[in-house]
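Everything below concerns the one structure shown next.
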Amino acid sequence: MDLYSFQGIAKQASGELKLLQFDYTKADGTIESYITEPYEIREDNGNMVYFGFKLAEDGGIRKFIVERIGHVTIVNQTYTPRWPIKIW
């Protein structure tokens, strides 16, 4: 997904304190679905990356390369932020 499309969706979700669901293509080509609390988008080692708190048994803060993210939807479930949100 392109940065501006993803950033717009992530900005809306974080502004409403709602979760994001998306598919992510890993480096080995496999695709996994995630539900996250949105926190930050920034440049890291030449890539635009998204930081979200993964909601699952093995949850925690995760970094995702934006261009590998697809099929993004806002989940109609709110969250209480664990850290400041840096998506604008």
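Worth pointing out:
- Residue satisfying condition, being charged (D, E, K, R) and without any contact (Cβ under 8 Å) to a residue 40 or more places away in the chain, within set Arg62, Arg68: Arg62
- Condition met for Ile35 (out of contact with any Leu (no Cβ under 6 Å at 6 or more places or on another chain) and among the β-branched types (Val, Ile, Thr)): no
- Ala10 touching a Gly at 6+ places or on another chain (Cβ under 9 Å) and small (Gly, Ala, Ser): yes
- Matching residues in the range 73-86 - criterion: being among the β-branched types (Val, Ile, Thr) and more than 18 Å from Arg42 (Cβ to Cβ): Thr73, Ile74, Val75, Thr78, Thr80
- Pick from the range 1-47, criterion within 12 Å of the chain's Cα centre (by Cα) and among the small types (Gly, Ala, Ser), ranking: farthest from Gly59 (Cα to Cα): Gly8
- Residue pairs whose Cβ atoms lie under 9 Å apart, sitting 6 or more positions apart in sequence or on different chains, and linking a residue in the range 16-29 that is closer than 22 Å to Pro84 by Cβ and among the basic types (Lys, Arg) to a partner that is at pLDDT below 95 and surrounded by fewer than 11 Cβ atoms within 10 Å (Cβ to Cβ), do not occur here.
The values are calculated or read from the model by the stated rules, or taken from the named source; none is laboratory data. Please read these numbers as outputs of a predicted model, since none were measured by experiment. Note that we place each Cβ from the backbone using ideal geometry, even for glycine, and neighbour counts take in every protein chain shown.
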